[in-house]
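The values are calculated or read from the model by the stated rules, or taken from the named source; none is laboratory data. Everything quoted here is computed from the prediction, not taken from an experiment. All Cβ positions, glycine included, derive from the backbone under ideal geometry; neighbour counts span all protein chains shown. Accessible surface is based on the protein model in full, side chains and every heavy atom, while ligands, DNA and RNA are left aside. Shrake-Rupley method; radii C 1.70, N 1.55, O 1.52, S 1.80 Å.
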Amino acid sequence: MSDRAPTPVLPLASPSSAAFAAPAGGVWRDVAASDWQDWRWQLRNRLRTADELAQHFVIPPELRAFLEAGHGFEVAITPFFASLCRPFDPTCPLARQVLPDVAEATVRSFERADPLGEDPYRKAPGIVHKYPDRVLFLVTDTCAAYCRYCTRARWVASGADSLGSAEQEAALAYIEQTPTIRDVLISGGDPLLLSSPKLNALLDRLAQIPHLRFLRIGTRVPVFLPMRIDAELVHALRPRRIPVYLNVHCNHFAELAEPVRDALARLADGGVSLGGQTVLLRGVNDTAPVLQETFYALLSARVRPYYLFHCDPIRGSAHLRTSVDEGLDLMRQLIGHTSGMAVPKYVIDLEGGGKIPLWPDFVEQMDRNVLHVTNFRGERWQYVNHAD
Ligand SMILES: *Cc1c(COP(=O)(O)O)cnc(C)c1O
Ligand code: SF4
């Protein structure tokens, strides 16, 4: 560890920014700017079939056959997100996240449909209550685009759709009747795909529950569909009696193109507190320079990195997963070398066991009064523990 070369720092260059108009070249060159900026147009024109995907991505014959067989997890990519992917480059770190791979058909013995073991903790429709003081509230199964490593792939895009009003009432009743709950994490699917009035009404109802201290939403919409972040939506997310924290899923600095940064600025200006969550993915962000630049780019966009998730053992995801040792090694290359603000918590999530934070060990030995430690440079130090 002490012989490690210092982490190279990438220049803080502006990521390849697609302007808010449709890209000048390629398949979208004739799309009117008014269509391109319309989130409903983006959703209607998502790339789903092998032919649609082949307009912007390399689709080898085996992948075409796999897609046409249609047994895998839902495929959909917004034209906006596709336009951020390098055309016809299978190594593009953005494309790897959303473009299916025939490797998805290879399921390892330890991979699971429900890797987090959430099903036994379903306490009411959409409610997963696993930790003492907070619940996960799954409000819709729909996303703007589908990530190949989605940990809720068994449920997302399953046709469960958004909660009906009777189901939502049952979920709210559970939260109302459980005073130990202090924080509700609204997720899915992507809650920002609910209509703004519906989301506004849901947040109003939750904010009235006296024992709740804050609300959280997990979303990838600012990255997949930044045009969805309009004034009405920002208003729906405003702080009420209690604040709303929005955790934005972003895995690579190239996702933070100008329209995405602008959408994040509209949210921050509207009083929404922004956090980041990143999934560690092989061939996407599994090097220290890429992670470092991603966390700096998030902070520059007013997003505080919160979690770095180890990729869960979802069925058919081995090609995107690193080992935990690699994850810890990457953390060691960040801690101390880069701003503490830019170092999220690295967590694994155990089936049934919940989230476990992992942190490289800086303690070498603990004697009665002396702690033998290693600092980020790998130098050995001693700390005298004046406890008695
Ligand atoms: C991750 C998660 C939460 C939130 O956990 P924090 O560590 O507070 O961010 C809550 N409920 C479930 C089921 C979760 O998976
Ligand atoms: S945005 Fe989140 S819920 Fe939706 S597919 Fe991606 S990881 Fe899954």
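Structure above, values below:
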item	result
Heavy-atom accessible area ranking, 1.4 Å probe, most first, across Ser165, Ser196	Ser165, Ser196
Solvent accessible area, Å² - Met366, 1.4 Å probe, full protein context	130 Å²
Exposure ranking of Phe362, Phe376 by accessible area [1.4 Å probe, largest first]	Phe376, Phe362
Label point distance in nm, Arg238-Glu111, each placed 7 Å from Cα along Cα→Cβ	4.6 nm
Area of Cys143 that stays accessible when all protein chains are in place (1.4 Å probe, Å², to 10)	20 Å²
Solvent exposure, largest accessible area first (probe 1.4 Å, DNA, RNA and ligands not counted), of Phe73, Phe110	Phe110, Phe73
Phi to ³J(HN,Hα) by Karplus 6.51 cos²θ - 1.76 cosθ + 1.60 over the range 242-252, Hz, x for Gly, Pro	10, x, 10, 9, 10, 9, 9, 7, 8, 10, 8
Extended-chain gain in nm, criterion 0.36 nm per residue less alpha-carbon gap, Glu68 and Asn369	101.8 nm
Area of Ser34 that stays accessible when all protein chains are in place (1.4 Å probe, Å², to 10)	90 Å²
Cβ-based net charge around Phe253, under 12 Å, with every Lys or Arg adding one and every Asp or Glu removing one	-1
Of Asp141, Asp35, Asp312, the one that fluctuates the most in a GNM where the chain has Cα springs shorter than 10 Å	Asp35
Charge sum, other residues only, whose C-beta stays under 15 Å from Arg182's C-beta, Lys/Arg counted +1 and Asp/Glu -1	+2
Cα-based Kirkwood hydrodynamic radius, the range 119-356, one decimal, Å	18.3 Å
Exposed GluC sites (Glu not before Pro) absent - longest run of the chain, DSSP non-H/G/I/E/B, at most 16 other C-beta within 10 Å	112-350
Neighbourhood net charge (14 Å Cβ-Cβ; Lys/Arg +1, Asp/Glu -1) for Trp41	0
Whichever lysines have a C-alpha closer than 22 Å to that of Lys355, once near sequence neighbours (fewer than 8 apart) are set aside	Lys123, Lys130, Lys345
